[in-house]
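The values are calculated or read from the model by the stated rules, or taken from the named source; none is laboratory data. For clarity, every value in this text was computed on a predicted model and none was experimentally measured. Don't worry about glycine lacking a Cβ; one is built from the backbone with ideal geometry, like all the others, and counts go over all protein chains shown.
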Amino acid sequence: MRIIIIGYGKMGKVIEKIAQQRGHEIVERIDANNGHRLQELTNADADVAIEFTQPVSAYENVKTCIQQQIPVVSGTTGWMDKKPEIEALCAEKGGTFFYASNFSVGVNLFFQLNKYLAKMMKPYNDYQVSVEEIHHTEKKDAPSGTAITLAEGVMDSYTEKKQWINEGSERAEDLSIVSLREHDVKGTHSIYYKSSIDDIEIKHTAHTREGFATGAVMAAEWVKDKKGVFGMAEMLNLENL
């Protein structure tokens, strides 16, 4: 499989290593120094693009890939206000777009566990639910996309929660997400259910970037011959659990 890597930072380099280990060819590496090159590429040059950049550039990168008929896998968070536009473009152009806030297989199983626990906890009003995420100090967006996905999973059951808020909140309609930034933390996400009697907590801790990179390459392998908008739930068949 011929892959374009868009975003050749720490994550891009790990994706490159994993992709090559799995027998794939990296045909282009796009970064801030040669961003114009993406406009020149088409599906004749590559089977799929994997995009991990920054929120400010992700939309244009993904849009360009769809316009050039290159299936694109994106893991950049912090730009989801524009995702409906990308989905509409995908439908218009017959394109392929795969998005995940987190490509780790373990995290996506954790998403399902989070939804299941929220359904179990909902009848017990003594417990107050909140989300916490910890990442490295270089991460630009807060809360993390993974934390937002977890919050949305809780809110599926806690319908009285009208919004997540990126700070502590005592209001019944708010779901609090606390974001912490610490040196060299790959990603830790916790969901707390706290009462005066006891606490319940589930947590996922990432140890390396390789889990994210492997999942992204697996997504590229899975999606390259498909048309439409997809995510990890479809790839891992989690919706049928």
- Message: Condition first: among the hydroxyl-bearing types (Ser, Thr, Tyr) and either modelled with pLDDT of 95 or more or assigned by TED's automatic domain parsing to the domain that holds residue 78 (or both). Now tell me which residues in segment 166-187 satisfy that.
- Response: 176, 179
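Quick one: in segment 79-107, of everything that is assigned to a loop (DSSP other than H, G, I, E, B) and not polar (S, T, N, Q), which residue is farthest from residue 189 (Cα to Cα)? Walk me through it before giving the result.
Filtering segment 79-107 down to residues assigned to a loop (DSSP other than H, G, I, E, B) leaves 79, 94-95, 100-104.
Next, from what is left, pick out any that are not polar (S, T, N, Q): 79, 94-95, 100, 103.
Numbers: 79: 20, 94: 35, 95: 33, 100: 16, 103: 14 Å.
Checked segment 79-107; the qualifying residue farthest from residue 189 (Cα to Cα) is 94.
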- Query: Which of (1) in contact (Cβ under 8 Å) with a residue 24 or more places away in the chain; (2) more than 14 Å from the chain's Cα centre (by Cα) does residue 139 not meet, given it meets every other one?
  - Reply: (2)
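Could you check segment 9-78 for strands (runs of 3 or more DSSP E) lying wholly inside it with 1 or more residues that are out of contact with any helix residue (DSSP H, G or I) (no Cβ under 7 Å at 6 or more places or on another chain) and surrounded by fewer than 18 Cβ atoms within 10 Å (Cβ to Cβ)?
Filter on segment 9-78 gives 25-30.
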- Query: When you go through 103, 111, 98 one by one, which is the residue that is aromatic (Phe, Trp, Tyr) and touching a Leu at 6+ places or on another chain (Cβ under 9 Å)?
  - Reply: 111
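Quick grid of which residues meet (1) within 17 Å of the chain's Cα centre (by Cα); (2) of a type in the set (Ser, Thr, Tyr):
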position: 14; (1), (2): yes, no
position: 17; (1), (2): no, no
position: 35; (1), (2): no, no
position: 61; (1), (2): yes, no
position: 64; (1), (2): no, yes
position: 77; (1), (2): yes, yes
position: 82; (1), (2): yes, no
position: 85; (1), (2): no, no
- Filter result (in a loop (DSSP other than H, G, I, E, B), among the basic types (Lys, Arg) and out of contact with any strand residue (DSSP E or B) (no Cβ under 7 Å at 6 or more places or on another chain)) within segment 115-140: 122, 140
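Take segment 73-104 and flag every residue that is acidic (Asp, Glu) and in contact with a Lys or Arg (Cβ under 9 Å, 6 or more places away or on another chain). Outline the logic, then answer.
Going through segment 73-104, the residues acidic (Asp, Glu) turn out to be 81, 85, 87, 92.
The one that is acidic (Asp, Glu) and in contact with a Lys or Arg (Cβ under 9 Å, 6 or more places away or on another chain): 85.
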- Message: Can you confirm whether residue 221 is in the same structural domain as residue 15 (by TED's automatic domain parsing), among the charged types (D, E, K, R), at pLDDT 95 or above and in a helix (DSSP H, G or I)?
- Response: yes
- Query: Restricting attention to segment 91-102, which residues are farther than 29 Å from residue 135 by Cα and surrounded by 22 or more Cβ atoms within 10 Å (Cβ to Cβ)?
  - Reply: 95, 96
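Quick one: is residue 129 farther than 13 Å from residue 111 by Cβ, in contact with a Phe, Trp or Tyr (Cβ under 9 Å, 6 or more places away or on another chain) and either crowded, with 16+ Cβ neighbours inside 10 Å or not small (Gly, Ala, Ser) (or both)? First the steps, then the outcome.
Details: farther than 13 Å from residue 111 by Cβ: yes; in contact with a Phe, Trp or Tyr (Cβ under 9 Å, 6 or more places away or on another chain): yes; either crowded, with 16+ Cβ neighbours inside 10 Å or not small (Gly, Ala, Ser) (or both): yes.
Criteria met by residue 129.
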- Item | Evaluation of residue 171 against (1) surrounded by 15 or more Cβ atoms within 10 Å (Cβ to Cβ); (2) over 18 Å from residue 150 (Cα atoms); (3) of a type in the set (Lys, Arg) (one fails), failing number | (1)
